1. Which whole number gives the average, over all residues in A:34-42, of C-beta atoms from other chains lying within 10 Å of the residue C-beta?
2. Any idea what the relative contact order of chain B is, in percent, if you count C-alpha pairs under 8 Å spaced at least 6 apart?
3. Can you tell me which of B:36-42, A:9-15 comes out highest on packing, and rank the rest after it, using the mean Cβ neighbours within 10 Å?
4. What ranking do A:Trp34, B:Trp35 get, fewest neighbouring Cβ atoms within 10 angstrom at the top?
5. With contacts defined as alpha carbon pairs under 8 Å and 6 or more residues apart, what's the relative contact order of the range B:5-70 in percent?
6. Exposure proxy check: A:Thr96, A:Thr86 ranked by fewest other beta carbons within 10 Å?
7. Would you list A:Val66, B:Val13 from fewest to most Cβ contacts within 10 Å?
8. Shape of the protein assembly as shown from its Cα gyration tensor (a ≥ b ≥ c, root eigenvalues): rounded if a/c is under 1.5, otherwise prolate when a/b > b/c, or oblate?
Amino acid sequence: NAGVTQTPKFQVLKTGQSMTLQCAQDMNHEYMSWYRQDPGMGLRLIHYSVGAGITDQGEVPNGYNVSRSTTEDFPLRLLSAAPSQTSVYFCASSPTRATQYFGPGTRLLVL
Amino acid sequence: QQQVKQSPQSLIVQKGGISIINCAYENTAFDYFPWYQQFPGKGPALLIAIRPDVSEKKEGRFTISFNKSAKQFSLHIMDSQPGDSATYFCAAIDSGYSTLTFGKGTMLLVSP
């Protein structure tokens, strides 16, 4: 099993550009989440999903969209990137609501 | 509103010493308390977890102590090693929700 995979590993965007951060898991987990990690702020939940077709907002959802058309994939979309979205993004999946398996992260720099 | 408060922000311990990281919470609906370990450039990984009906859980050199009445829990790393140098996050989950709430993290450095 590959576990949780994220692409790209690193991305540079200009303000106003859009992009999609990809996340995939091969463990057949129902729960998937997106977090951002900023220095001194810990991990903050952006959006999460409890199954295909079901998504909900987390603590910091503004500026981000998600969809969950399959169990395996949970992409995160930035429609119009802003410098405040410069961060490290982690995707996680879990078989239960508690134990989460994190991907390796995507480092995003918005200029 | 920060629901899980973690301290200290950073910690330096000599090799062989005990590392202690503390967390406190307010939400009495939290019913599961995991700790995650993160090495630089990697995603967090589950280290150890506890439920509130248990006061202590030990796995190797790592121990969680839980004080339900004080709404506090802590991670103890015995015989700390340089390889333990990482960022540690406490977290909590509400029985009615599907998401974890994380503390802000503690950067641990174990000096050789």
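Throughout, read-outs are computed from the coordinates displayed, never taken from laboratory work. Everything quoted here is computed from the prediction, not taken from an experiment. Because the Cβ atoms are built from the backbone with ideal geometry, glycine has one as well, and the counts that use them run over all protein chains shown.
1. The per-residue average across the peptide is 4.
2. Here the relative contact order equals 37 percent.
3. Descending mean neighbour count gives B:36-42, A:9-15.
4. Ranked by crowding around the Cβ, least crowded first: B:Trp35, A:Trp34.
5. 19 percent
6. A:Thr96, A:Thr86
7. Ascending number of Cβ neighbours within 10 Å: B:Val13, A:Val66.
8. Working: a/c = 1.89, a/b = 1.48, b/c = 1.28.
Prolate, since a/c reaches 1.5 and a/b exceeds b/c.
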